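First the structure, in the form of structure tokens, and then the observations on it.
The values are calculated or read from the model by the stated rules, or taken from the named source; none is laboratory data. Remember, predicted model here, so these are calculated numbers, not experimental data. Glycine also receives a Cβ, built like all others from the backbone with ideal geometry; neighbour counts cover every protein chain displayed. Accessible surface is based on the protein model in full, side chains and every heavy atom, while ligands, DNA and RNA are left aside. Shrake-Rupley method; radii C 1.70, N 1.55, O 1.52, S 1.80 Å.
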Amino acid sequence: MNVISRIRVGILGLVGHVLKFPKPFTFVGPGASFSLIREIIGLGVKRVMVITDGQLLQLGIVNPHIQLLKDHQIEVEVFSGIEPDPGFELVLEGVERLKRFKPDAVIAVGGGSSIDGAKAILLSHANDCHPSRLIGVWLYSWPRKRGLPFFAIPTTAGTGAEATIAAVVTDKAAQIKHAIIDPKTVPAMVALDPGLMVGLPPFITAPTGMDALTHAVEAYICTIATRETDELARMATASIMRNLLTAYSDGQNLEARERMAVAACMAGLAFTRVGVGYVHAIAHQLGGLYHVPHGLANAIVMPYALEFSKPNCAHRLAGLARVSGIGGSGASDAELADAFIAKIRKLNAEMQIPTSVKELKREDFDKIINRAFAEAHGTYGLPRYLTRDDATALLEKLLP
């Protein structure tokens with residue numbers, strides 16, 4: 001099992017080293033989202049679909065962007081049906097809206113669910129297929145057509161979905177999260193606008209920030225990391241460690257918000273090239289089975305998963321500790337790795353993130369382990385492989 005998995009991971013690692021994955025042109029800073037809208041207007045489009053969630057629409061966050069498009073005689077259709085962990089049915093509903101409206105371009109505004117939902121809608125529409133046919137890595141799949149011109153405006157600093165080649169969709173009936181992995185999902189242009197994030201409450205800022213940290217850390221400790229992903233992951237980790245608590249405690253701090261937005265994007269660029277690890281593999285199952293928000297699940301699982309992986313990647317964790325200013329200058333790699341994990345636990349505690357998953361049931365352990373292994377083995381460059389006993393012991397620590 002491990003030999004086959006490592007061969008598959010090796011193939012993916014080679015692809016990550018050889019292929020040049022697309023990177024979106026990125027506007028950064030207060031008002032960046034309006035700069036992006038003006039750039040889209042300059043492309044000469046006539047009909048634009050905005051994909052977002054109902055709460056953002058209700059709060060009026062998207063309205064100025066829609067009005068700017070309309071002021072330039074662009075017809076706008078809003079699909080605001082996005083919900084957390086978008087499912088197949090929602091994607092198909094979005095496809096039908098695209099078919100009816102026939103836009104020239106699509107703009108996703110919102111968190112990871114809005115951007116992932118838009119990606120799945122566009123790819124399903126372009127290929128005239130059910131989203132379940134798109135699941136998996138494009139290398140192992142049938143050729144896919146590119147969707148309509150696509151742009152993204154994230155309103156949280158967490159998923160990095162604006163920069164990744166992945167979209168997560170949920171089979172609600174089976175309670176399973178799936179990933180569509182294809183470079184064709186990457187937006188052409190994105191805007192990292194901290195002005196849209198200042199109103200985020202602490203209970204959203206905390207888990208989304210820890211989601212971004214998980215991306216950076218898992219990308220850095222994976223066995224197929226590249227020089228480029230290492231640089232991105234180090235910068236993202238250092239920035240998050242220095243700015244997340246400020247953004248959490250002082251949500252109006254534009255500087256902290258902007259740095260978190262950039263860090264989340266850098267972390268997205270890192271993990272989209274080399275994958276993640278057991279934190280995500282387990283968190284995805286907690287989300288699919290119990291609807292635990294993804295960032296929260298990552299935050300809870302991360303310290304336990306890193307403790308397990310530490311014997312095989314202490315030097316890598318130590319490197320992240322050093323760039324983040326954690327630990328003493330003369331400390332050993334093992335001491336720095338311990339200090340880094342301790343800092344993550346401290347951050348979680350300071351932001352009132354629990355240490356267990358209240359929904360977790362012991363009778364679901366086998367299902368969680370089977371699905372986590374199916375996701376991670378052969379896909380992620382894991383520094384250390386869990387056995388079933390190891391995985392059971394880890395899940396025991398997550399019980400309420």
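Please specify each residue of segment 57-71 satisfying the condition of being open to solvent by less than 70 Å² (accessible area, probe 1.4 Å) and either at pLDDT 95 or above or more than 16 Å from G94 (Cβ to Cβ) (or both).
Scanning segment 57-71 gives G60, I61, V62, P64, H65, I66, L68, L69.
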Checklist entry - Just to be sure, is S332 free of Cβ contacts under 8 Å to residues at least 40 places away in the same chain, of a type in the set (S, T, N, Q) and surrounded by fewer than 24 Cβ atoms within 10 Å (Cβ to Cβ)? => result yes
Item to check | Conditions (1) over 21 Å from V137 (Cα atoms); (2) surrounded by 24 or more Cβ atoms within 10 Å (Cβ to Cβ); number of the one not met by L200 | outcome: (2)
Checklist entry - Is there a residue being open to solvent by 10 Å² or more (accessible area, probe 1.4 Å) and outside any loop (DSSP other than H, G, I, E, B) anywhere in segment 152-161? => result no
Next on the checklist: Can you report the number of residues in segment 283-294 which are part of a helix (DSSP H, G or I) and open to solvent by 10 Å² or more (accessible area, probe 1.4 Å)?
Outcome noted: 4
Checklist entry - Among the listed residues L317, L347, which satisfies the condition of being within 14 Å of Y220 (Cβ to Cβ) and modelled with pLDDT of 95 or more? => result L317
Item to check | Members of segment 131-151 found to be of a type outside the set (D, E, K, R), part of a loop (DSSP other than H, G, I, E, B), at pLDDT below 95 and open to solvent by 40 Å² or more (accessible area, probe 1.4 Å), listed by number | outcome: I135, W142, P143
Item to check | Candidate set from segment 186-226 (those that are outside any loop (DSSP other than H, G, I, E, B) and in contact with a strand residue (DSSP E or B) (Cβ under 8 Å, 6 or more places away or on another chain)); member that is nearest to G251 (Cα to Cα) | outcome: L196
Checklist entry - Hey, V168 hits all of (1) in contact with a helix residue (DSSP H, G or I) (Cβ under 6 Å, 6 or more places away or on another chain); (2) in a strand (DSSP E or B); (3) open to solvent by less than 20 Å² (accessible area, probe 1.4 Å) but one; which does it fall short on? => result (3)
